[in-house]
Amino acid sequence: TAGHSPLTPKKRQPEFSWKQVWLEELVVVHSGFCLVSPEQKLCQGVLTVLTRSAQPRYLCTCLETMRILSRDKRVLGPVATREGILTLAGLAQIRLPDADRQAAREAESSVDEQVVVEALKCLCNVMFNSMAAQQVGVDIRLAQELCARMRSSGSTHHEVRLFSLRLLFLLSALRPDIRGGLCTETGAVGLLTDVLERILDIGWAGPYEVTPPDGQTPPIPPEKVEQTMEALKALFNVTLSNSSDEHSDHQLRLIAALMRHILMLRAQTEEKTEEVHSHAINLLSNLPMSCLDALIHVPVQGGLEKYGGKNMDAVQVLVDFMEKRIDKGSNYKEGLTPVLSLMTESSRYHREIRRYLKAKVLPPLKDVKERPEVGSTVRNKLVRLMTHVDMGVKQGAAEFLFVLCKESVDNLLKYTGYGNAAGLLAARGLLAGGRGETEYSADEDSDTEEYKSAKPFINPITGHIEEPMPNPVEDMTEEQKEFEAQKLANMIGELSRQQLIRPMGVRKDGSLAPLEEAIHTCQVADGSESDSD
């Protein structure tokens, strides 16, 4: 510097200490007495620093500190405010129309994407942990402006895209009231569909047919897997808002075609592949069943002639996914019921899907020596679930099999036995037999010769051929039989009076009713109409 000889050593300037700035801010902001924790003081101090101009590396340090603090719900008071959310949104380059100071901040942070990433992470934590912050987000239209930023931004930075999608997922999950606006005002469904296409480098072979991957296509890279799952979760939330216009049907059909493509892809590990497929299945469950023809109608790839030229590759993936989830033996409620529901409803609507699933799950019976629930086939596994302790799982498995049987009670009992199907039949008022309400094509005779020859010997309750059992009353006299019958009736009556059991009967419509009511509704032929004297 001027005034120093080249031979005179320069005086060492003191290094800039960001920690000192924090401490000074804390002293200034919290010089008075107040009942706040040290963490809350630090949170307020960091937020105060963030509102001032600083270099990106210092902003990153502040935001990393804020991210750690924001994991604790008890210290979020200072940041879960309008000022706090506006500050973080500005650093994340989400352009909100409220504060003038954001323009300078955006220009300053635009050159460093790491600042944007850290700000997005902070917003995710704050929104997840604070209802007050969620309300502020609604008031300042944070989700809508986030969508606008995603639409206009050309950034392909992995973490920027990942945490933008995660923030949109959290906002739409925690505040269901904004989903309708996201669909109608910001076109979030189309936006997220476009994002998915860019992530997976989608090419189109037809109106609703994605160009299929060839045999040499490598697994999806881990970064794209993460982005895909976040986009699928956000799409799931926004498609919960129902709409039925022609444009939305076209958009939802595109989503169905994309989900088919995702079901045919593989990630680096089997676990990640199953996780991606799970999110795709959840999203498919939101779509109108009429849109699911995109799963099987792929003219360029072709299909099976026996199923009307439809391609059943994606349906087979659903079957394999269902069987894996059954074999896990846990978390059936969240892991299994969505795929069961999807296959049930799609089978009701699409004849080819039902026929394919029937052939895979309920092939023609040959060996009926074992109970329907004994064995390792898909049918055996589903029948076992019909008596599961979880009501949702039990009903889901039973309903699926019932639909595959064209909602025919006789066909269902053939594959499951009356004992396993009693719960479904009672719930639907079909204990007396008959059919469900859905109309199906005429039944085709699919019984094998082995089944036809064994049918007279099958126990309809257990659904299999039982070994002959000794008759317990064979050696009794008529008086002994009458005594045992009276004794049994007295025991049932005593249990009924103590309200330990409640004897039930079946009404004419097939529904259950208390035994007294069921008896009174029975019509006995009037003897006066007889011609005899």
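The single residue among 235, 170, 192, 196 that is in contact with a helix residue (DSSP H, G or I) (Cβ under 6 Å, 6 or more places away or on another chain), over 20 Å from residue 295 (Cβ atoms) and not hydroxyl-bearing (Ser, Thr, Tyr) turns out to be 170.
Among the residues examined, residue 198 qualifies as of a type in the set (Lys, Arg) and open to solvent by 50 Å² or more (accessible area, probe 1.4 Å).
Filtering the stretch 371-406 to residues that are of a type in the set (S, T, N, Q) and in a loop (DSSP other than H, G, I, E, B) leaves 376, 377, 387.
For the stretch 163-183, a residue qualifies if it is aliphatic (A, V, I, L, M) and either assigned to a loop (DSSP other than H, G, I, E, B) or buried (at least 21 other Cβ atoms within 10 Å of the Cβ) (or both), and the qualifying residues are 165, 167, 168, 170, 171, 178, 182. Of the residues making up the stretch 149-161, those that are open to solvent by 10 Å² or more (accessible area, probe 1.4 Å) and assigned to a helix (DSSP H, G or I) are 149, 150, 151, 152, 158, 159, 161. For residue 284, the stated conditions do not hold, so it cannot be described as touching a residue at least 12 places away in the same chain (Cβ under 8 Å), open to solvent by less than 20 Å² (accessible area, probe 1.4 Å), out of contact with any Leu (no Cβ under 6 Å at 6 or more places or on another chain) and outside any loop (DSSP other than H, G, I, E, B).
Residue 406: in contact with a Lys or Arg (Cβ under 9 Å, 6 or more places away or on another chain), basic (Lys, Arg) and open to solvent by less than 20 Å² (accessible area, probe 1.4 Å), yes or no? Yes; evaluated as a whole, the condition is true for this residue. Listed by first and then second residue, the pairs linking a residue in the stretch 67-81 that is farther than 13 Å from residue 46 by Cα to a residue that is modelled with pLDDT of 90 or more and open to solvent by 50 Å² or more (accessible area, probe 1.4 Å), with Cβ atoms under 6 Å apart and 6 or more places separating them unless they lie on different chains, are 80/132.
Applying the criterion of at least 1 residues that are at pLDDT below 75, charged (D, E, K, R) and exposed (fewer than 13 other Cβ atoms within 10 Å of the Cβ) to the helices (runs of 4 or more DSSP H) found wholly in the stretch 1-115 leaves 18-29.
To keep it simple, each residue is scored yes or no on (1) modelled with pLDDT of 85 or more; (2) in a helix (DSSP H, G or I).
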residue: 455; (1), (2): no, yes
residue: 462; (1), (2): yes, no
residue: 489; (1), (2): yes, yes
residue: 505; (1), (2): no, no
residue: 508; (1), (2): no, no
residue: 518; (1), (2): no, yes
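For beta carbons closer than 8 Å, sequence separation of 6+ or different chains, a first residue in the stretch 141-160 that is within 12 Å of residue 92 (Cα to Cα) and a second that is of a type in the set (Val, Ile, Thr) and assigned to a loop (DSSP other than H, G, I, E, B), the qualifying pairs are 142/94; 145/94; 146/94; 149/94. Looking across the stretch 246-275, the residues that are over 16 Å from residue 324 (Cβ atoms) and open to solvent by 70 Å² or more (accessible area, probe 1.4 Å) come down to 246, 247, 250, 268. Between 357, 365, the distinction of being surrounded by 16 or more Cβ atoms within 10 Å (Cβ to Cβ) and not in a loop (DSSP other than H, G, I, E, B) belongs to 357 only.
Selection within the stretch 328-349: residues that are in contact (Cβ under 8 Å) with a residue 12 or more places away in the chain and over 17 Å from the mean Cα position of the chain (by Cα). The member of this set that is least open to solvent (accessible area, probe 1.4 Å) is 347. Being charged (D, E, K, R), open to solvent by 60 Å² or more (accessible area, probe 1.4 Å), at pLDDT 90 or above and closer than 27 Å to residue 505 by Cα is the requirement here; does residue 371 meet it? Taking the combined requirement at face value, the residue satisfies it.
The single condition from (1) more than 24 Å from the chain's Cα centre (by Cα); (2) charged (D, E, K, R); (3) within 26 Å of residue 293 (Cα to Cα) that residue 379 fails is (1). Please specify each residue of the stretch 405-423 satisfying the condition of being closer than 15 Å to residue 358 by Cα and in contact with a Leu (Cβ under 6 Å, 6 or more places away or on another chain). Scanning the stretch 405-423 gives 405, 415.
Residue pairs whose Cβ atoms lie under 8 Å apart, sitting 6 or more positions apart in sequence or on different chains, and linking a residue in the stretch 289-309 that is more than 17 Å from residue 264 (Cα to Cα) and open to solvent by 10 Å² or more (accessible area, probe 1.4 Å) to a partner that is assigned to a helix (DSSP H, G or I) and small (Gly, Ala, Ser), are 289/346.
The values are calculated or read from the model by the stated rules, or taken from the named source; none is laboratory data. Values in this document were obtained by computation on a predicted structure and should not be read as measured data. So basically every Cβ, Gly included, is an ideal-geometry build from the backbone, and we count neighbours across all protein chains shown. To get the accessible areas, we keep the full protein, side chains included, count just its heavy atoms, and leave off ligands, DNA and RNA. Shrake-Rupley method; radii C 1.70, N 1.55, O 1.52, S 1.80 Å.
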